Every structure is written in structure tokens, then in C-alpha cells.
């Protein structure tokens, strides 16, 4: 079989879909279905304009917060914490036991630590001059699990 290597900054949507479906099939066969499901939390004003939000997903018993953004006029008011709590509640309802988030902002890292996230790794110079910080949190067990373990 002859192959060719292609590098592109403009991959076709159908090529990315094929790649995602193929990796999902491999992972499902290797470790079981991820049960991946999108999860988002938004803060909107009276005109439905988004002022803050979280986007991520749950899979394999984990919440992964991919994006978290708060408009400047809401920063320092606990908005990130309230959104994280809402996402975590939904993740627990979906059966998740842990949460994962990463950032290269030292200020954001402190916010996540106040919410109970613990750093477990860093990647230096990502971006240059900063470190990407990876944090995790064990999510609260549901009442039925607490009764069986406690």
C-alpha cells in the first residue's frame, strides 16, 4: 500500500469527523464507551447576552472543563466559582467522580484552587514565559455512595 502524508491548516470537516469517529471506536474497544456528553454553563444578562460561560464535556467518569471565560465586569464576584459548582453538580448527576481543568493564567489557577482543585502537573513555556497548569478535583459522592462507604 502506498501512502502520502498531508499537513494542512484547513482540514475538511468530514475528515475531522472521520478522525474523531475512528478514535472513538478504537477507545471504546480498548477501555469501554466514554459516554461523552457536552456540558455548558452560561451567565446571561437580561438581553440574553453571554457574560460568562463554561464549555466542556463529561466522559469516563470525569468532567473536563475546556473553556471558562468571565467578562471583565463580572470578574472578582465569584462568577467562575458559581459556574464551576453548577458544572460539577451536573457532572455528579451524570456519575462523574472527578473534574479536570487547565490554565496558563496564575490568577485563574488560584480561582480554581479556591474551588478545591489541586495542581497535579505543569508544562513550562506553554505559552513562552508561562506554564500551563493542570488541576483536578475529586467530586462529592452522591448520597447512596456515601451511605455505602461511610
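The values are calculated or read from the model by the stated rules, or taken from the named source; none is laboratory data. Keep in mind the model is a prediction, meaning the values are calculated, not measured. Cβ coordinates were reconstructed from backbone atoms using ideal geometry, including for glycine residues, and neighbour counts include every protein chain displayed.
Is one or more of the residues making up segment 92-111 in a helix (DSSP H, G or I), surrounded by 15 or more Cβ atoms within 10 Å (Cβ to Cβ) and free of Cβ contacts under 8 Å to residues at least 40 places away in the same chain? So far as segment 92-111 goes, yes, one or more of its residues are in a helix (DSSP H, G or I), surrounded by 15 or more Cβ atoms within 10 Å (Cβ to Cβ) and free of Cβ contacts under 8 Å to residues at least 40 places away in the same chain. Within segment 57-65, is there a residue that is surrounded by 14 or more Cβ atoms within 10 Å (Cβ to Cβ) and over 14 Å from the mean Cα position of the chain (by Cα)? Checked segment 57-65: no residue is surrounded by 14 or more Cβ atoms within 10 Å (Cβ to Cβ) and over 14 Å from the mean Cα position of the chain (by Cα).
Please verify whether residue 70 is modelled with pLDDT of 95 or more and farther than 23 Å from residue 45 by Cβ, treating the condition exactly as stated. In short, no.
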